[in-house]
Amino acid sequence: MRRFLANGSSTSPKKTTPRLLFHTCQAKAVRKALHENEVLDDYRVEPEELLEGIRFVRCKIRSARWLDAKLVRCDFEECDLSGIHLSSASLTSCSFLNCNFTDADLYGASFESCRMVGSQFAGALLSGIKVSSGDWSFVQMRMQELDGLDFSGVKFEGTDFYGASLVKASLNGAILKDANLQHAKLQEADLRGADLSGVQLKNVELRGARMNIEQALLFAICHGIVIE
């Protein structure tokens, strides 16, 4: 629109160039809630990233890098997790049913109220893991190095600890019913209050282990000691 001045001259309004405002935002990955029979070896989870409520059924997630990840209420059923890197990861209320953790790196990982029933850990690195409650029944832990770890109150019914080293570990109040402790090393371990029903203690190294009276009687019976 032309504007007229007092002297009769006219002027046109200045043309202005519109400025475009760009808003940058970081796209957040959208995760599927269910994966079935998929090969997810390249399924990457960034450090501190949260995975919540995701279900994996018969998937292959081999050698994936999930360092420092946070998993909440995720379910894994019959998954191949061999070689997975879960170092320092935090897992809360997760379920791993009949999963394969062969050669997995779980160093410093935290498991809170997790179900690991029927899973196997051949060759896995479990040093420094933190386990708070949960169900680890029928798990394969043969020959594992578990020295000094705290498994207080954890359920290990039928779990295979054959030849495992649990020196100075705490199994206070743990459920070890029918567990295989043959040739396991339990020197200076805390077994007070643990349920040892059905456990054979004859070939177990228990020097310095802490027990209550009932457990000491069971140990004596396993070694053929007659108590009168």
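Selection within the range 129-162: residues that are more than 14 Å from the chain's Cα centre (by Cα) and not in a loop (DSSP other than H, G, I, E, B). The member of this set that is nearest to residue 209 (Cα to Cα) is 150. For the residues 131, 117, 39, the requirement of being surrounded by fewer than 18 Cβ atoms within 10 Å (Cβ to Cβ) and either within 30 Å of residue 163 (Cα to Cα) or modelled with pLDDT of 95 or more (or both) singles out 39. Would you confirm, using the coordinates I've provided, whether residue 97 is surrounded by 23 or more Cβ atoms within 10 Å (Cβ to Cβ) and either out of contact with any His (no Cβ under 7 Å at 6 or more places or on another chain) or not small (Gly, Ala, Ser) (or both)? In short, no. Looking at the range 186-208, can you tell me whether even one residue there is crowded, with 20+ Cβ neighbours inside 10 Å, not in a loop (DSSP other than H, G, I, E, B) and not aliphatic (A, V, I, L, M)? Yes, there is a match, as at least one residue in the range 186-208 is crowded, with 20+ Cβ neighbours inside 10 Å, not in a loop (DSSP other than H, G, I, E, B) and not aliphatic (A, V, I, L, M).
The values are calculated or read from the model by the stated rules, or taken from the named source; none is laboratory data. Nothing here was measured: the structure is a model prediction, and the numbers come from that model. Methodologically, a virtual Cβ is constructed for each residue, glycine included, from the backbone with ideal geometry; neighbour enumeration extends over all protein chains shown.
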